[in-house]
Every structure is written in C-alpha cells, then in structure tokens.
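This report concerns only the one structure given below.
The values are calculated or read from the model by the stated rules, or taken from the named source; none is laboratory data. This is a predicted model, so every value here is computed, not measured. Counting neighbours? That spans all protein chains shown, and the Cβs are built from the backbone with ideal geometry, glycine included.
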Amino acid sequence: MSGNEARVQAVHQITNRELMPPKAPERLEKIWAENVFNLSKMQASLPKSVFKSIKKTITTGEKLDPSIADAVATAMRDWATAKGALYYAHVFYPMTNLTAEKHDGFISVQGDGSVISEFSGKVLVQGEPDGSSFPNGGIRDTFEARGYTGWDVTSPAYIMETDNGSTLCIPTVFVSWTGEALDKKVPLLRSIAAMDKTANKVLKLLGHKDVAHVNSSCGAEQEYFLIDANFASQRPDLMLAGRTLFGKAPAKGQEFDDHYFGAIPERVQVFMQDVEETLYKLGIPAKTRHNEVAPGQFEIAPYFEAANVASDHQQMIMTVLRHTAKKHGFACLLHEKPFAGINGSGKHVNWSVGNGTQGNLLDPGDSPHENAQFLVFCGAVIRGVHKYGPLMRARSQRQAMTTDSGLTKRPLRLCLCI
Ligand SMILES: [Mg+2]
C-alpha cells in the first residue's frame, strides 16, 4: 500500500470511528485517593503507636523506625490484595527520564511445597533490582552492577490499575551499593532536607521561636500532543522516537488563533475525563485542562503539593496519559519538541517553600519593602539560582540530550510562587 493510500484509509477509519462514550462522572469525594495507601488508611489499619511513628516519618522526613516496618508491610499487603493486587513493584526513576518497575509476587513457597501470601517489612523497605543496564541499556559488566531500591516513606504507596491487572506500587529511591544516587529522587530528597535545615536556621535568626518543618512545594504543568493512532502508526519516527524526524510542514500550523484555549474537542474531552478519574483515584489533584497553542496540543496541571510527592505524581501523570490515550485510539506525545515549526510541549514547575507556622516564605505581604523575611528568602533564592545556574542548566540540558539528541535546547524555566 502506498503512503497516500494508507493515509486515505486512516482518514476513512477516523471519520467512521465511533466516539468512546463518556463515563458517568463519579463523585470526587467517593473516588478521591481510593487507590492510595494514605494516612487515613494507615490510621484505620495500624496499631496506634505504629501509626504515630510512621506519621512522624512522613510529615517530618525523620528516619523510619525499622521495628514498625513489618506491621506496615502487612497492613499494606492486606489493603492491596483486598483490592485485587497480586504483585507489588518498587517503582524508581533511573537516569533515563522514564519510570522503572520490578514486579514481585506476594507469593512465598513453604518447606512443604505449599504457598502463602507474604510481604515482610524487609522487602517493603529494600529491593535489589539488577542495575547493570542503567542508564542506557548497553552491555555492562554485571559484576560491577548493584542497584538498591529503598522505600521512600514520604511518598504514599498506590495501586496502579491497568487492563492487565492491578499492582501495588511502592515509590523508592535508587542508589548504588556505595550509596551514590542513581536517580533524581535522591538529590530531590537531599535538597528538600537541606532547604528545611537552612530555612529553619534563618527563621530562628529572624526571631521566630516556633518553627515547623519547612517543605518545598511544586506544581508541574504538563503539555502534550494527541495524535490519532491511525496516523501515528504510519510514522516510524513518531512510534520509535516520539517525535518527527522527516516530513513537511502541515497546511495549517500555528498561524490561526482558534485552538489556544478554544473549546476542547469532544473526543479529547472524553479522554481527559477518563485521565482525571484515574488521577483522582491515585490522589493526584488534577486541576486545570485546556487546549494548548499548537494544533493537537493540550495541557493538564495539578494543584501544587509537597515537592517529593509532586515529582512522583508528575511521573504517574505521564504514565496515565499514555495508557489512557491508547484506550481512546490516540498516541500521546510527551516529547518537548515533536514537530518543527510549531510550539513544543513545555513542562515548567511552579516552586515555593513554606511551613505550617510561618506560611509561604516567599509571600511579599502588603509592604514587601519592609518585610525582612520575604526579602531574605527572595534574595536567597535569586542568589542560589544565580550561583548554581550552570549546574541547574546542565541538568536541564542533560534531559534534553537524552530525549532528543540535544537538538532542542529548552531554557530552564523556574517559576517562584508568591
Ligand atoms: Mg502551557
């Protein structure tokens, strides 16, 4: 079949496609975080003293008491298996810009050959995926490879439902046997801890006696393209690289102003509602959706959260977008520049710092010039970005290089939320 015939056939299939009917919307309160092993579910299933201890670890980032791990693991397994999960996965983020998972069953074979369902604190806290083929999948000396995943208690475990079944997902850090970070979560957790320590010190110098744990918060906005699967499957470049490598500019580009913030196409809106329902069940506060500026481009933005949780949620949003797109006959492109000549998909992060006692530390108040606290924190952030700008841009540039061979150079964009 010639390329033209294939295109005509694709247009025919798209024209005669029956719209996937929109799901009846569920009440938000009913489905919110139903697939997340959050604090309220822990409180309901754990002894009081264990809950108190783990809550302290989650809210302050303090070290986990190893003696409570077994009790938490059992409660987590009971909750997950009751919801149909037969496997658990330590989810981690090696330096590939992708999410990695190693699935293990709850099954444990006994001496007499019988099996029981088992999940101990030891396997909850630490896993050992072979790290030999990270970050690029090339051939390695396996004797040099040893990667460990460690449970990140500050980010809640959740159940990822797909058509192939449900899996209990445990967010983890990924480190080498010598303790070096092999992912981006470890540096993020270290930066959150450093910010808490230093901001606490500054607030005390400013005269505050009562200073709560200082948390960094983030809200990442995700732009994406939706391409009908009939068209996408005819493009090996889109299928393999997630971006175009050849072709000519379309007849209609970004010259028109009818798409940006225009009415969302019916088929896309059904897709978005499906995505949002999955995200709500995962406790991800998807807040905003709209058409982006390029044809076929859209955006989703969650409400801000603690930086560590927001970062995990961002990875989950990308996974859910891609899975759901397939169900709706779309290919979802998350590449930052999939087409020449029109806008790429940005993903900027809104960042801030604050705590429960002093509030938003970047809040200028009514008289910013007399607000010493605001001036100190604002000045410190500007100084930090100036001093470590090359390092931050290097990380940003590295990401661009790993995803599109360095052809796209996106500037670092950081928005302070005040
Ligand atoms: Mg946007």
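On the given criteria, is Ser155 in a loop (DSSP other than H, G, I, E, B) and crowded, with 17+ Cβ neighbours inside 10 Å? Criteria met by Ser155. Go through the range 320-362 and give me each residue that's more than 25 Å from the chain's Cα centre (by Cα), surrounded by 18 or more Cβ atoms within 10 Å (Cβ to Cβ) and of a type outside the set (A, V, I, L, M). Matches in the range 320-362: Gln358 only. Got a sec? Which of Glu5, Glu18, Glu29 is modelled with pLDDT of 85 or more, over 30 Å from Val309 (Cα atoms) and exposed (fewer than 10 other Cβ atoms within 10 Å of the Cβ)? Of the residues listed, the single one that is modelled with pLDDT of 85 or more, over 30 Å from Val309 (Cα atoms) and exposed (fewer than 10 other Cβ atoms within 10 Å of the Cβ) is Glu5.
Of the numbered criteria (1) in a helix (DSSP H, G or I); (2) within 15 Å of the ligand (Cβ to nearest atom); (3) surrounded by 21 or more Cβ atoms within 10 Å (Cβ to Cβ), the one Gln314 fails is (3). Residues that are touching a helix residue (DSSP H, G or I) at 6+ places or on another chain (Cβ under 6 Å), under 20 Å from Glu34 (Cα atoms) and more than 15 Å from the ligand (Cβ to nearest atom) do not occur anywhere in the range 289-306. Can you tell me which residues in the range 34-57 are touching a helix residue (DSSP H, G or I) at 6+ places or on another chain (Cβ under 7 Å) and of a type in the set (A, V, I, L, M, F, W, C)? Listed by number, the residues that qualify are Phe37, Leu39, Met42, Leu46, Val50, Phe51, Ile54.
So which of Lys102, Lys63, Lys23, Lys41 ends up being of a type in the set (Lys, Arg) and modelled with pLDDT of 85 or more? So that I can check it myself, show each step before the final result.
On the way: Lys102 fails: modelled with pLDDT of 85 or more; Lys63 fails: modelled with pLDDT of 85 or more; Lys23 fails: modelled with pLDDT of 85 or more.
Just one listed residue meets the conditions, Lys41.
Among the listed residues Ala80, Ala89, identify the single one that is touching a His at 6+ places or on another chain (Cβ under 6 Å), at pLDDT 85 or above and among the aliphatic types (A, V, I, L, M). The match here is Ala89. Condition first: assigned to a loop (DSSP other than H, G, I, E, B) and either at positive phi or within 15 Å of the ligand (Cβ to nearest atom) (or both). Now tell me which residues in the range 339-363 satisfy that. Listed by number, the residues that qualify are Gly341, Ile342, Asn343, Gly344, Ser345, Gly346, Lys347, His348. The set of residues in the range 32-80 that are surrounded by 18 or more Cβ atoms within 10 Å (Cβ to Cβ), out of contact with any Leu (no Cβ under 9 Å at 6 or more places or on another chain) and in a helix (DSSP H, G or I) comprises Met42, Val50.
In summary, Ala249 fulfils each of the numbered conditions (1) surrounded by fewer than 12 Cβ atoms within 10 Å (Cβ to Cβ); (2) within 16 Å of the ligand (Cβ to nearest atom); (3) of a type in the set (A, V, I, L, M) with the single exception of condition (2). Applying a threshold of 6 Å to beta carbon distances and a minimum spacing of six or more residues, or different chains, the list of pairs starting in the range 334-351 at a residue that is more than 18 Å from Asp312 (Cβ to Cβ) and ending at one that is of a type in the set (Val, Ile, Thr) and within 12 Å of the ligand (Cβ to nearest atom) reads Asn343/Val293.
Within the range 317-329, does at least one residue satisfy the condition of being over 29 Å from Thr172 (Cα atoms) and within 16 Å of the ligand (Cβ to nearest atom)? No, the range 317-329 contains no residue that is over 29 Å from Thr172 (Cα atoms) and within 16 Å of the ligand (Cβ to nearest atom).
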